[in-house]
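Colleague: Have a look at the structure that comes next, please.
The values are calculated or read from the model by the stated rules, or taken from the named source; none is laboratory data. Being a predicted model, the structure only gives us computed values, none of them experimental. Here the Cβ is made from the backbone with ideal geometry for all residues, glycine too, and neighbour counts use every protein chain on show. Ligands, DNA and RNA are excluded from the accessible area calculation, which covers all protein heavy atoms including side chains. Shrake-Rupley method; radii C 1.70, N 1.55, O 1.52, S 1.80 Å.
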Amino acid sequence: MKFARHAVAALVMAAATSPVFADAKTESFVEENANEVLEALNDPSLSREERTELFSGYMEEFADFNAVSRFVIGRYANRFTPQELSRFQSAFRNYALAVYENELDAYRGEQVFVDRSIDRTPSDSIVDTRIPRADGQEMNVRWRVLKRNGEYQVVDVALNVNGNLIWLAIEQQAQFLSLLDRTNGSADALIRKIEQMTREVRAGRR
């Protein structure tokens, strides 16, 4: 279960040591849950609103949006009031879900296959997957998965946009911190920006 395209730039990932293949459970976690996400988008009996609700529910279980949202604002996570943090996290969740749904919607009827995986640390893995289409095109999706207390959760997802794998959390952190630095840490300014980005993603839905 669970998955940017606006205002992002490519991140090239490099390993300082030889890659180690991730365990089969990590790969199975990604493959099984990512396919459930696609199934939510594939159900022809659902309206767009129902599909979005089902998709969002899967993504909430699959990905740790609270952890990702805190990461993307860095030091400001401890400077926002609890109310500001809650409003920001809600806005970021809506944006991330809109982005992932919009991108993955183009691959209805297809299946997610794991190509390879590597362990960055014993609890931090990268899983590379592909989604083939009937027209011969393929979409590459890369998942960063953390294992905490025996449980797996996705903490970032990279989609192949114009030939580049784009990481949502990494790139949004740079953009959001820049805005917060310019606005003296204004949560309201950041939330307005995210809400605007979300409207643009939804307006551009296929």
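Colleague: Given the residues ALA24, ALA40, which is the only one that is modelled with pLDDT under 90, buried (at least 18 other Cβ atoms within 10 Å of the Cβ) and more than 30 Å from ASP181 (Cβ to Cβ)? Break it down stepwise before answering.
Modeller: Numbers: ALA24 fails: buried (at least 18 other Cβ atoms within 10 Å of the Cβ).
None of the other options fit; the residue is ALA40.
Colleague: Are there any strands (runs of 3 or more DSSP E) wholly within region 106-206 with 1 or more residues that are at pLDDT 85 or above and open to solvent by 50 Å² or more (accessible area, probe 1.4 Å), and if so which? Before the answer, list the steps.
Modeller: Values: elements: 113-121, 124-132, 138-148, 151-161, 164-167.
Answer list for region 106-206: 113-121, 124-132, 138-148, 151-161.
Colleague: Is one or more of the residues making up region 89-105 surrounded by fewer than 17 Cβ atoms within 10 Å (Cβ to Cβ) and at positive phi?
Modeller: No, that holds for no residue.
Colleague: Where residues in region 78-119 are charged (D, E, K, R) and within 16 Å of the chain's Cα centre (by Cα), which of them is nearest to LYS193 (Cα to Cα)? If you could, list the steps in order and put the result at the bottom.
Modeller: Start the filter on region 78-119 by keeping residues that are charged (D, E, K, R), which leaves 79, 84, 87, 93, 101, 103, 105, 108, 110, 115-116, 119.
Filter once more, keeping what is within 16 Å of the chain's Cα centre (by Cα): 93, 101, 103, 105.
Details: ARG93: 14, GLU101: 20, GLU103: 21, ASP105: 24 Å.
Checked region 78-119; the qualifying residue nearest to LYS193 (Cα to Cα) is ARG93.
Colleague: Using the structure shown, decide if ARG48 is charged (D, E, K, R), modelled with pLDDT of 90 or more, open to solvent by 40 Å² or more (accessible area, probe 1.4 Å) and out of contact with any strand residue (DSSP E or B) (no Cβ under 7 Å at 6 or more places or on another chain). Even if it seems obvious, please write down each step before you answer.
Modeller: Working: charged (D, E, K, R): yes; modelled with pLDDT of 90 or more: no; open to solvent by 40 Å² or more (accessible area, probe 1.4 Å): yes; out of contact with any strand residue (DSSP E or B) (no Cβ under 7 Å at 6 or more places or on another chain): yes.
Criteria not met by ARG48.
Colleague: Another question, if that's okay. State yes or no: is GLU31 modelled with pLDDT of 85 or more, within 27 Å of GLN175 (Cα to Cα) and not small (Gly, Ala, Ser)?
Modeller: Working: modelled with pLDDT of 85 or more: yes; within 27 Å of GLN175 (Cα to Cα): no; not small (Gly, Ala, Ser): yes.
In short, no.
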